[in-house]
Amino acid sequence: MRAWVILFAVSLVLRFAMMFYWEQRVGTDTLYFGDSDTYWVLGQNIAEGKPYLYHGNAVHRMPGYPALLAPLFLLFDGKPPVIAARIENVVIGSLTVLAVAWLAFLLFKNRTLALLAGWFTALDPLNIVMNVLVLSETPFCLTMILQLCFWIKSIKNTTGKEVGTAVSLISSGLFAAAAVYCRPSWLYFVPFAAVLGIVLSPQKIARIFISGFLITQIGALCLVPWWIRNEHLTGHFVSTTLQAGASLYDGLNPDADGGSDMKFAEEFRNAEMKLTPDIKPQTLEYKLNQTLRAAAVNWAVKHPAAVWKLVRTKFFRFWNFVPNEPSFSGIAVRLAVFCTYTPVLLLGLIGVVRSFRKDFTVQLLWVPAVYLTLLHIVFVSSIRYRAPVMLCFAVLAAWTVVNVNSPHHKRRE
C-alpha cells in the first residue's frame, strides 16, 4: 500500500509544480487555449441554469467536461479562479496514474509491473503538462482507462461469475459513454476494437462479440438524452456535436498543414448568413457542419496527392519525438519529451509485437493507438492527441521490461 501512496503523492507533487510554473508563464486566470474558453463558458452556463450555448451554437461541445467545471462556479459564487480548474485536473490526472497501474495489474497480476506502468505515466512530461491545462483530455484519459479496465475484467471473468461479468460490462459501458461525453472522437472505439479483436483472436470470438455489443448498447443508452436534445434543437439526429464538419475541413483544405487553424470558420459562417440572413441559429449551425464536411470531402477527392502528403505529415506530427508547437520548442522541453517518450514508445512497440496474435485483453492496450492514429491522419494531428495512447503504452513498456527475460513468463506463454 505504501508504494501506491508514494506513486500517487509524487504524481500530485509533479503536477502541482507544473501547474504553478504554468500559471507564472501564462499568467493567473488565463485560459490560454481557445478550446478552454468554450468549456469554461459552457460550464458557467450549466451552473447558472442558462441554455447550453456557446456564441449561439447549441451543439458545439459535448457536455462532459463543462459538467465537471460547473461545480466550480457554484463553489466560487460564479467567479472561480482558473487555478481551481487546474487543481481539479491535477487530481483527476493523478488518479489516472493509479488507474493505469490498476489496468496493468488486472492484465498481468504483477505488482512490480503495475507500479512500473504507473511510474512511466507519473513521470511523463506530456501527461504532466496536459493535466494542468483546462482541456477535456484529462477526464477523457481517466474514463478511457477505466472503460478498458472493466472491459478486460468482463472478459477475464470465468464461468460461475456471471454477476461480476455483468457489473464489469455495465461499468465499461458507463465509462465508455463518459469518455464520449468528454471526447466525441471515442464514439466508435468499442465496435472498432471488437472487430479487430475478432480478426486477431478468433478463439474468443463469442466473448469479444458479446462484450463489445453490450458495452456499445449500454454506452448508446447513456447518449440517448443528448441525442433527444439535439434532435429537438436542430431537427436532425446528431450523434455527438456539429463541429465534425469544421474539424474535418480543418484537416482537409487547401491551406492545411496538419495542425489546427480555424480561421476559415468565420468566413464560411458569414457566407452562409449572406445567403440566408434570417436563418435560425441552430439551423445555421447544422448547415455549416454539412457545408464544411462536403467542402472537405470534395477537396480531398480532387487532390489525392495533397491528401496523401497530409496523411504522412499528420502521422509524424502524432508520433513526433518532440513537440510540434513553437511555444513548446525550448531545448529543455524537447529533451524532456524525447528522453521520456522514446524508451516508452520503443518498449511499448516490443509489447505490441509480442501481443499481436495473443490474448484480446492485451491487444486492447495498442488498439487505441491504431484507432486514434487513423482518426488523426484524417483530422488535425498533434502529440496532444496521443496522450491517451501513451497511457496504454506505459503498460506495454512495463510488461516488456519486467517479463521479456522471465523464464516463468516464457513457459506460461
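Readers should treat all values here as calculations from the given coordinates under stated rules, not as data from a laboratory. The structure presented is a predicted model; accordingly, all values stated were derived computationally and were not measured. We place every Cβ from the backbone using ideal geometry, glycine too, and count neighbours over all the protein chains shown.
List the trypsin sites (Lys or Arg not before Pro) within the range 226-335 that DSSP assigns to loop and that have no more than 13 neighbouring Cβ atoms inside 10 Å.
Passing sites in the range 226-335 are LYS263.
Which lysines, if any, have their Cα less than 18 Å from the Cα of LYS358, not counting same-chain residues under 8 positions apart?
LYS109, LYS153, LYS156, LYS204, LYS410
Kirkwood-based Rg over Rh for the chain (C-alpha set), two decimals?
When Rh is taken as the Kirkwood radius, the ratio is 0.96.
Springs between alpha-carbon pairs under 10 angstrom, Gaussian network model over the chain: which of ARG183, ARG207, ARG386 fluctuates most?
The residue that fluctuates most here is ARG207.
What net charge do the residues around GLN243 carry, taking every other residue with its C-beta under 10 Å from that of GLN243, with Lys and Arg at +1 and Asp and Glu at -1?
Residues close to GLN243 contribute a combined charge of -1.
Just to confirm a number: summing +1 for Lys and Arg and -1 for Asp and Glu over residues other than PHE393 whose beta-carbon lies under 12 angstrom from that of PHE393, what do you get?
Around PHE393, the surrounding residues sum to 0.
Please grab the % of Cα pairs in the range 211-298 that end up more than 20 Å from each other.
In whole percent, the share of Cα-Cα pairs in the range 211-298 beyond 20 Å is 47.
The range 132-287: percent of C-alpha pairs farther apart than 27 Å?
For the range 132-287, the fraction of Cα-Cα distances above 27 Å is 41 percent.
Could you work out the relative contact order of the range 157-295? I mean the mean sequence separation of Cα pairs under 8 Å and 6+ apart, divided by the number of residues, in percent.
After rounding, I find 21 percent.
Take the Cα pairs of the range 46-170, get the Kirkwood Rh, then feed it into Stokes-Einstein at 25 °C and 0.890 mPa s and tell me D in µm²/s.
Estimated diffusion coefficient is 147 µm²/s.
³J(HN,Hα) across the range 303-308 via Karplus (A = 6.51, B = -1.76, C = 1.60, θ = phi - 60°), whole Hz, x for Gly/Pro?
So the J values, rounded to whole Hz, are 10, x, 5, 5, 5, 5.
Can you tell me the equivalent ellipsoid semi-axes for the range 289-374? Use √(5λ) from the Cα gyration tensor, largest first, whole Å.
With the √(5λ) rule applied to the range 289-374, the semi-axes are 29, 23, 11 Å.
Taking just the alpha-carbon atoms of the range 260-406, what radius of gyration and Dmax come out, in angstrom?
Gyration radius and largest Cα-Cα distance of the range 260-406: 20.5, 71 Å.
Hey, could you get me the Stokes-Einstein D for the range 273-327, Kirkwood radius over alpha-carbon pairs, 20 °C and 1.002 mPa s, rounded to whole µm² s⁻¹?
The calculation lands on 151 µm²/s.
Return the calculated 222 nm mean residue ellipticity for the chain, to the nearest 500 deg cm²/dmol, obtained by summing -39500 (n - 2.57) across DSSP H runs with n ≥ 4 and dividing by the residue count.
For the chain, the value works out to -24000 deg cm²/dmol.
Grab the other residues whose beta carbon is less than 15 angstrom from that of PHE105, score K and R as +1, D and E as -1, and report the net.
Net charge in that neighbourhood comes out at +4.
For MET62, list long-range residues whose amide hydrogen, built 1.01 Å from N in the peptide plane, is under 5 Å from its own amide hydrogen.
none
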